[in-house]
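Undergrad: Okay, handing you the structure first.
The values are calculated or read from the model by the stated rules, or taken from the named source; none is laboratory data. Keep in mind that this is a model prediction, so the values were computed, not measured. Cβ placement follows ideal geometry from the backbone for every residue including glycine, while neighbour counts extend to all protein chains displayed.
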Amino acid sequence: MNEQQQTLWQFMSGQSDKLLSQTLQHVGLTFISLILAIAIGLPLGILIARKRKLSGTVLGIAGVLQTIPSIALLGFMIPVLGIGAKPAIVALLIYALLPIIRNTYTGIIGIDQHVKEAARAMGMSKGQILLKVELPLAMPVILAGIRTATVINVGVATLASFIAAGGLGEFIFGGISLNNTNMILAGAIPAALLAILLDALLSLVQKMDVKKLRKALYIFPVVILVLGGFYALPSAYGSTLTAGFTPEFMGRQDGDLGLKSTYGLKIHTIVISDAVMYKAAYAKELDVISGYSTDGRLKAFDLKILKDDKNIFPPYYAAPIVRDEALKQFPELEKTLNLLSGKITDSIMTDLNYRTDYLHQQPERVAKDFLISTGLYKAAKNGQKGTVRIGSKIFGEQYILAEIYSMLIKGNTDYAVSTKTGLGGTKICFDALMNDQIDFYPEYTGTGLLVLLQPNPTIAKEMAHDKEKTYDYVSAEFQRKFKIKWLKPIGFNNSYALMMRQKQSKELNVNSITDLKKYLDKN
Amino acid sequence: MIELKEISKKFGDTQAVKQVFFRVAREETLVLLGTSGCGKTTTLKMINRLIEPDAGQIFINDKNITDEDPNVLRKGIGYVMQNIGLFPHYTIAENIALVPKLLKWDKAKIINRTHELIEKLHLTENTLSMYPHELSGGQQQRVGLARALITDPSVLLMDEPFGALDNVTRTSIQKEFKALEELKRKTIVMVTHDVLEAFELADRICLMDKGEVVQIGTPKELLYQPINDFARNFLAGQRLALAFKVINIQDIWSYLPEEIIHHGESETAELSIWEAMELLRNKDRFELFISGANKTIKSINFEQLTKGFNQYQNAQLHE
Ligand SMILES: Nc1ncnc2c1ncn2[C@@H]1O[C@H](COP(=O)(O)OP(=O)(O)O)[C@@H](O)[C@H]1O
Ligand SMILES: [Mg+2]
């Protein structure tokens, strides 16, 4: 326990620069969106308090917007607003809207009718009544709405890192991808503290008596503006090209760290989720991205892989990894899963990915077409001898593999199948396997080595570029440490790769990572 | 001077006010009297355009009020509400200074006038920095009155101003109210459902029922010349008390004992029977010296007072 705390502390002090800038970004995101939500929500609330007939519609729409899952909302934003701060702020703004509109509305209509009538009888104009009577009297209720909105925003802002808007989500989701608990905590603890702190501060303001509240109301907007301004600070760009890397890539030796140490690459980098990275590159929001070599979107978005001329990206051969327990429980399983061994080459995998990612075919259909074309397809036997649970990570290729395995098991054995697709990242998938939540999932040798085993750098380096050595090493170690078996590799090698748009690569004459570094140094 | 001409107002199917008319002379106090729901408040609120009538016209100083901007009109009319309606987020001083601030008076003038008023209305300095909820009902009512009076408007509208108070407080505030010099210079329309209060404060009373005017007249006229059964029955329960209020010593002068010679202090014959009785009772005086017309003086005790009053009453009834 003590050791754990110390290492967390060490991690946080080691990364204090990043931590500070992420926290500032987080606060900035939260408050910029809050300012905008107030700027929109307050007038809307006032409007529907005046025209009550509109209240049902407006509150209804704000309520529906509130129920859109955050990731989906961020996804909807990208085609319209691209990536980065803009869509993140808009998404946060949308979440903050409902509590602010609703509380402004209920605050104003809750004011004593006699007080309003007195104001009219004194000869105050509508504007004077609003500013001097209605808003001040509704203020405690409005502040409660702002408080709710702030806490919601601190939470949702962690997701901003998915679309390269920064914030503490970078650590949280990076940590989940990299199986790094300290990194997760380094993001999660400050985020939680931030929520608690802001909530407490706002509850203080809310509970102030009229006298103090009136003073506080002058300070409040200034504070919000200053906090919102934090976001604008860390935006001094250093290079002419912009790279977008996934949180996972950022923290890996065979990722950004290697690019820096082996190539000496210095490029302005933003952190972004895999789900939107390719589209952002296509839309020229990004120039260089960290993709996977078999990704279908490579083809779809006309991207080019830059040659890894100094071999920092180790091979990533995919194979199912299964708990020993499961192999015992389902004797037919190993044989069945191995039917796929060697059947999917790089080009086949890229094509399968292309079908789901770009042609938008369902993974089931893609899986079935593939099995039929290779003669492996058998109709489901609808067997009842227990249920095999298949896991997959949250990207297209893994969905397809999970479907293929599901069909193979149903057609060749008497087992039933349940799939748990879309497990957030390596760590979540692997933890699910270790904790008997799933029986197997497709994993990559490189990930097994560098993320899950994390041997000392010399072993890693020696191993990493040799397909056979890596496979043998992870097989043995997984068996020994985790009682998990690596079955035969599926065939394709899905390694990391740096990519650019074909056209830009030609224009700049950048074909390898070394070319890229030279180009950046010159410009 | 206020004049209402055939004013009507409907809320949905409810005919709240129907062809109401009256005239209030300069510096006169007209009391709208009637049971709850008879349209008094609605009538009053049409005078400062908080409610717009469906039909009819209202003139203040011979100007049709629809020709004026409602906010300007309202700033020139004092309004005391049934529910007081102070602003809970303003201090007492700020509540009182509201209209002068809207009118952009300078600070010194506002402060002077505020102090003048709180003195007249028996409020203390330290209440000025308090908030309404820290005051008693009676104090709040005084603040409501101060707020309505601060700009010294010539017209004052009051909706059951003492309705929210307990009986003791009400009686004492009514007295102070009646004694306020400032109010004697104003044209006042006041609403109440309390007959005694109406008789206490009114120059003339407008008795209303179901949205319509039943009778308009002085308290005495209402008491002795009721126009119909409704008007008679409305006062029936408290005839005696009302008579004590409307009849003064001058009225019963001829029924009192012989004149005497007296050189000390004396009371005016304008004193109502009620007031004379209070003096005799409260001050433990055995007799009162009253100076009537032509500086004649009479001395009366309680017995002589009631006897004279009874004789006068009988004479009225047999007229
Ligand atoms: N805003 C309103 N909407 C509907 N009905 C009203 C409204 N104001 C008053 N009324 C109705 O009009 C009638 C007269 O009301 P009001 O003038 O308040 O009576 P009063 O002051 O004499 O008690 C009542 O029947 C009341 O219910
Ligand atoms: Mg009323």
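Undergrad: What is the number of the single condition among (1) in contact with a strand residue (DSSP E or B) (Cβ under 7 Å, 6 or more places away or on another chain); (2) within 16 Å of ligand 1 (Cβ to nearest atom) that B:ASP203 does not meet?
TA: (2)
Undergrad: Tell me the helices (runs of 4 or more DSSP H) entirely within region A:410-523 that contain at least 1 residues that are modelled with pLDDT of 90 or more. Reasoning before the result, please.
TA: On the way: elements: A:426-434, A:457-464, A:467-482, A:502-508, A:513-522.
So the answer is A:426-434, A:467-482, A:502-508, A:513-522.
Undergrad: Within region A:120-145, track down each residue that is farther than 29 Å from A:LEU204 by Cα and facing another protein chain (nearest Cβ under 8 Å).
TA: The answer is A:ARG120, A:ALA121, A:MET122, A:GLY123, A:MET124, A:SER125.
Undergrad: Against the conditions (1) within 11 Å of chain A (Cβ to nearest Cβ); (2) of a type outside the set (Phe, Trp, Tyr); (3) farther than 14 Å from A:ALA119 by Cα, where does B:LYS109 fall short? Just the number, please.
TA: Looking at each condition in turn, B:LYS109 falls short on (1).
Undergrad: Then there's this: Do you know which residues across region B:34-52 are under 18 Å from B:VAL80 (Cα atoms) and more than 6 Å from ligand 1 (Cβ to nearest atom)?
TA: Once the filter is applied, which keeps residues that are under 18 Å from B:VAL80 (Cα atoms) and more than 6 Å from ligand 1 (Cβ to nearest atom), region B:34-52 yields B:THR43, B:LEU44, B:LYS45, B:MET46, B:ILE47, B:ASN48, B:ARG49, B:LEU50, B:ILE51.
Undergrad: In region A:64-80, is there at least one residue being at pLDDT 90 or above and part of a helix (DSSP H, G or I)?
TA: yes
Undergrad: Would you tally the residues in region B:139-153 being buried (at least 18 other Cβ atoms within 10 Å of the Cβ) and either farther than 27 Å from B:VAL72 by Cβ or more than 11 Å from every other protein chain (Cβ to nearest Cβ) (or both)?
TA: Going through region B:139-153 one residue at a time, the tally reaches 8.
Undergrad: Considering only region B:178-272, give the helices (runs of 4 or more DSSP H) lying wholly within it that have at least 3 residues that are farther than 25 Å from B:ASN314 by Cα and either at pLDDT below 90 or within 18 Å of the chain's Cα centre (by Cα) (or both). Give the derivation first.
TA: On the way: elements: B:181-184, B:195-201, B:219-224, B:229-236, B:239-246.
Hits in region B:178-272: B:181-184.
Undergrad: Would you confirm whether any residue within region B:89-99 is within 16 Å of ligand 1 (Cβ to nearest atom) and assigned by TED's automatic domain parsing to the domain that holds B:VAL155? I'd like the intermediate steps shown before the answer.
TA: So the first thing to find is which residues in region B:89-99 are within 16 Å of ligand 1 (Cβ to nearest atom), and the list is none.
So far as region B:89-99 goes, no, none of its residues is within 16 Å of ligand 1 (Cβ to nearest atom) and assigned by TED's automatic domain parsing to the domain that holds B:VAL155.
Undergrad: A further question follows. Taking A:ALA88, is it more than 14 Å from every other protein chain (Cβ to nearest Cβ) and either closer than 30 Å to A:TYR218 by Cβ or polar (S, T, N, Q) (or both)? So that I can check it myself, show each step before the final result.
TA: Details: more than 14 Å from every other protein chain (Cβ to nearest Cβ): yes; either closer than 30 Å to A:TYR218 by Cβ or polar (S, T, N, Q) (or both): yes.
Spelling it out, A:ALA88 is indeed more than 14 Å from every other protein chain (Cβ to nearest Cβ) and either closer than 30 Å to A:TYR218 by Cβ or polar (S, T, N, Q) (or both).
Undergrad: Are any of the residues in region B:70-87 in the same structural domain as B:THR218 (by TED's automatic domain parsing), touching a strand residue (DSSP E or B) at 6+ places or on another chain (Cβ under 6 Å), within 16 Å of ligand 1 (Cβ to nearest atom) and over 27 Å from B:GLN139 (Cβ atoms)?
TA: Initially, region B:70-87 is screened for residues in the same structural domain as B:THR218 (by TED's automatic domain parsing), giving B:70-87.
With touching a strand residue (DSSP E or B) at 6+ places or on another chain (Cβ under 6 Å) added as a condition, the list becomes B:77-82.
When the remaining residues are screened for being within 16 Å of ligand 1 (Cβ to nearest atom), the result is B:79-82.
With over 27 Å from B:GLN139 (Cβ atoms) added as a condition, the list becomes none.
There is no residue in region B:70-87 that is in the same structural domain as B:THR218 (by TED's automatic domain parsing), touching a strand residue (DSSP E or B) at 6+ places or on another chain (Cβ under 6 Å), within 16 Å of ligand 1 (Cβ to nearest atom) and over 27 Å from B:GLN139 (Cβ atoms).
Undergrad: Which condition does B:VAL31 not pass, out of (1) more than 10 Å from ligand 1 (Cβ to nearest atom); (2) touching a residue at least 40 places away in the same chain (Cβ under 8 Å); (3) in a helix (DSSP H, G or I), if it passes all the others?
TA: Here B:VAL31 meets the rest and fails (3).
Undergrad: Does B:PRO132 satisfy the condition of being buried (at least 19 other Cβ atoms within 10 Å of the Cβ) and either within 16 Å of ligand 2 (Cβ to nearest atom) or farther than 26 Å from A:ALA138 by Cα (or both)?
TA: no
Undergrad: May I pose another question? Which of the residues spanning region A:108-119 are more than 10 Å from chain B (Cβ to nearest Cβ) and either outside any helix (DSSP H, G or I) or surrounded by 23 or more Cβ atoms within 10 Å (Cβ to Cβ) (or both)?
TA: First pass over region A:108-119, keeping only residues more than 10 Å from chain B (Cβ to nearest Cβ): A:108-110.
Passing the criteria: only A:GLY110.
Undergrad: Just give me the residues in region B:191-205 being acidic (Asp, Glu) and within 16 Å of ligand 2 (Cβ to nearest atom), in sequence order.
TA: Within region B:191-205, the subset acidic (Asp, Glu) is B:194, B:197, B:200, B:203.
Result: B:ASP194, B:GLU197.
Undergrad: Checking the structure you have, find out if any residue of region B:50-61 is closer than 23 Å to B:ALA164 by Cα, more than 16 Å from ligand 2 (Cβ to nearest atom), assigned by TED's automatic domain parsing to the domain that holds B:ASP209 and in contact (Cβ under 8 Å) with a residue 60 or more places away in the chain.
TA: no
Undergrad: Taking B:LEU180 as the residue in question, decide whether it is under 22 Å from B:THR151 (Cβ atoms) and away from ligand 1 (no atom under 16 Å from the Cβ). Please lay out each step first, then the result.
TA: Working: under 22 Å from B:THR151 (Cβ atoms): yes; away from ligand 1 (no atom under 16 Å from the Cβ): yes.
Yes: the conditions hold for B:LEU180.
Undergrad: Check off (1) loosely packed, with under 13 Cβ neighbours inside 10 Å; (2) assigned by TED's automatic domain parsing to the domain that holds A:LYS335 for A:LYS485 and give me the number that stays unchecked.
TA: Single failed check for A:LYS485: (1).
Undergrad: Looking only at region B:51-93, filter to residues that are more than 13 Å from chain A (Cβ to nearest Cβ) and acidic (Asp, Glu); which one of those is surrounded by the most Cβ atoms within 10 Å (Cβ to Cβ)?
TA: B:ASP54
Undergrad: What are the residues in region B:206-232 that are buried (at least 22 other Cβ atoms within 10 Å of the Cβ) and within 16 Å of ligand 2 (Cβ to nearest atom), if any?
TA: Scanning region B:206-232 gives B:CYS206, B:LEU207, B:MET208, B:GLY211.
Undergrad: Can you tell me how many residues within region B:11-28 are within 8 Å of ligand 1 (Cβ to nearest atom) and either within 14 Å of chain A (Cβ to nearest Cβ) or out of contact with any strand residue (DSSP E or B) (no Cβ under 9 Å at 6 or more places or on another chain) (or both)?
TA: Looking only at that region, the number is 3.
For (1) among the aliphatic types (A, V, I, L, M); (2) surrounded by fewer than 21 Cβ atoms within 10 Å (Cβ to Cβ), each residue gets a yes or a no:
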{"residue": "A:VAL156", "(1), (2)": "yes, no"}
{"residue": "A:ALA160", "(1), (2)": "yes, no"}
{"residue": "A:SER203", "(1), (2)": "no, yes"}
{"residue": "A:ARG214", "(1), (2)": "no, yes"}
{"residue": "A:VAL223", "(1), (2)": "yes, yes"}
{"residue": "A:GLY229", "(1), (2)": "no, yes"}
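Undergrad: Would you confirm, using the coordinates I've provided, whether B:MET158 is within 13 Å of chain A (Cβ to nearest Cβ), under 12 Å from the mean Cα position of the chain (by Cα) and within 16 Å of ligand 1 (Cβ to nearest atom)? Lay out the reasoning, then the answer.
TA: Details: within 13 Å of chain A (Cβ to nearest Cβ): yes; under 12 Å from the mean Cα position of the chain (by Cα): yes; within 16 Å of ligand 1 (Cβ to nearest atom): yes.
The answer is yes for B:MET158.
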